[in-house]
Amino acid sequence: MNIAKMDAERAEGQMNLLFQNRSDVFKNVGGDTVQMLKIWEHLQKEGIQVDISTKLKPKLDKYDIVHLFNTTRIIRNIHTSIKRKNTKTFCNFSYVLGYN
């Protein structure tokens with residue numbers, strides 16, 4: 001990851017991010033929904049373009065970074081996405097919940 005390039009793109013307002021989440025993220029609101037929207041809100045204030053996708057195979061051409069949320073449902077498509085667009089940076093937050 002080239003931090004200097006990312007900072008320059010951000011300064012020019014050119015950085016584009018994609019948030020990818022489960023298809024029912026807005027119908028069945030959960031912690032991933034809240035987290036995603038709060039991060040989206042703060043990045044928008046910084047002038048960073050962030051789109052949200054609920055598709056399993058979104059087009060990645062215009063995005064610099066793809067942030068995966070709730071990967072338990074979309075993990076099967078990560079490998080395919082990376083193979084299609086191996087120039088992308090992928091990131092995700094992992095949370096493990098214990099149900100007793």
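Tallying residues that are at pLDDT 90 or above, more than 10 Å from Leu17 (Cβ to Cβ) and among the aliphatic types (A, V, I, L, M) within segment 37-61 yields 1.
Would you confirm, using the coordinates I've provided, whether Val29 is surrounded by 17 or more Cβ atoms within 10 Å (Cβ to Cβ), modelled with pLDDT of 65 or more and among the aliphatic types (A, V, I, L, M)? Spell out the reasoning first.
Numbers: surrounded by 17 or more Cβ atoms within 10 Å (Cβ to Cβ): no; modelled with pLDDT of 65 or more: yes; among the aliphatic types (A, V, I, L, M): yes.
Criteria not met by Val29.
Taking the criterion of being surrounded by fewer than 15 Cβ atoms within 10 Å (Cβ to Cβ) and at pLDDT 85 or above, the only residue of segment 62-86 that qualifies is Lys62. Do you know which residues across segment 6-26 are surrounded by 15 or more Cβ atoms within 10 Å (Cβ to Cβ) and modelled with pLDDT under 75? Residues satisfying the conditions are Met6, Glu9, Arg10.
The values are calculated or read from the model by the stated rules, or taken from the named source; none is laboratory data. Just so we're clear, the structure is a prediction, and the values are computed from it rather than from any experiment. Counting neighbours? That spans all protein chains shown, and the Cβs are built from the backbone with ideal geometry, glycine included.
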